[in-house]
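Asker: Got a structure for you, written out below as structure tokens; questions coming shortly.
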Amino acid sequence: GGMRYVPEPLRANKKIMTAAVRLHRYGLFNVTLHRDERAADYVAKTLWSDKEFAIAAVTANSPVMQFVAEPLRADKEVALAGMTDGWSALQYVAKSLRADKEVMLAAMKHDDFFNESPMTYAAETLWKDKEFALAAVEIMKQKHGTEAEQLLPYLEGLIASDAKKKKKKARKSRGEHS
């Protein structure tokens, strides 16, 4: 529980706090110190708006994405850093990044497919993207074997349905009727 003893002026020092994040990779931010205080509460608020610090922090412990300033939660580089040790940062990243193939596939690589899954955070438009859907099934196959292939007919149905809707909409915009 040493974070509460860091003098106030040092809590805003990026070098010191980044070193602390790296030294305490798995304990700095989720250890209960005194009652319900978390060590993250001892980091100066200004550091959560600093991209370099945010990347170091979420790389060390992804759930601290919740403390990162809103604009940085929409930064793809910060989001990807948050997927290096798990996918729990996903619930705190900007919704726009939940439609990003690279971010979502990075999160899925850490999915244990028990309880909650990063797939629940994926934008619906991604599941209609054949490239994404096939890559997602491939990741699931690597983790869980061929049972994951049972998802293929469902995903192919989504993709086909979306393609039909797009064709119909295109014909309608050209004044054609089905």
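Asker: Can we say T146 is within 20 Å of A89 (Cβ to Cβ), β-branched (V, I, T), assigned to a helix (DSSP H, G or I) and modelled with pLDDT under 80? Break it down stepwise before answering.
Answerer: Numbers: within 20 Å of A89 (Cβ to Cβ): no; β-branched (V, I, T): yes; assigned to a helix (DSSP H, G or I): yes; modelled with pLDDT under 80: yes.
Against the criterion (within 20 Å of A89 (Cβ to Cβ), β-branched (V, I, T), assigned to a helix (DSSP H, G or I) and modelled with pLDDT under 80), T146 does not qualify.
Asker: Same structure again: When the stretch 30-39 is examined, which residues are found to be surrounded by 13 or more Cβ atoms within 10 Å (Cβ to Cβ) and either over 25 Å from the mean Cα position of the chain (by Cα) or at pLDDT 80 or above (or both)?
Answerer: Within the stretch 30-39, L33 is the sole residue that qualifies.
Asker: So, one more: Out of all the residues in the stretch 91-125, which are open to solvent by 10 Å² or more (accessible area, probe 1.4 Å) and among the hydrophobic types (A, V, I, L, M, F, W, C)?
Answerer: A94, L97, A99, L105, A106, F113, F114, M119, A122, A123
Asker: While we're on this one: So, D85, is that one surrounded by fewer than 23 Cβ atoms within 10 Å (Cβ to Cβ), modelled with pLDDT of 95 or more and acidic (D, E) or not?
Answerer: It is false that D85 is surrounded by fewer than 23 Cβ atoms within 10 Å (Cβ to Cβ), modelled with pLDDT of 95 or more and acidic (D, E).
Asker: Still on this structure, please answer the following. Which one of these does K51 not meet: (1) open to solvent by 10 Å² or more (accessible area, probe 1.4 Å); (2) within 15 Å of the chain's Cα centre (by Cα)?
Answerer: Looking at each condition in turn, K51 falls short on (2).
Asker: Name the one entry in Y5, Y42 that is surrounded by 13 or more Cβ atoms within 10 Å (Cβ to Cβ), of a type in the set (F, W, Y), more than 23 Å from A107 (Cα to Cα) and at pLDDT below 90. Walk me through it before giving the result.
Answerer: Numbers: Y5 fails: surrounded by 13 or more Cβ atoms within 10 Å (Cβ to Cβ).
Within the list Y5, Y42, the selection yields Y42.
Asker: If I filter the stretch 16-29 for residues that are out of contact with any strand residue (DSSP E or B) (no Cβ under 8 Å at 6 or more places or on another chain), under 24 Å from A94 (Cβ atoms), part of a helix (DSSP H, G or I) and modelled with pLDDT of 85 or more, do I get at least one hit?
Answerer: no
The values are calculated or read from the model by the stated rules, or taken from the named source; none is laboratory data. Note that the structure is predicted; figures quoted are calculated from it, not measured. A quick note on method: Cβ atoms are made from the backbone with ideal geometry, for glycine too, and the neighbour counts reach across all protein chains shown. Keep in mind that these areas ignore ligands, DNA and RNA; they rest on the heavy atoms of the full protein, side chains included. Shrake-Rupley method; radii C 1.70, N 1.55, O 1.52, S 1.80 Å.
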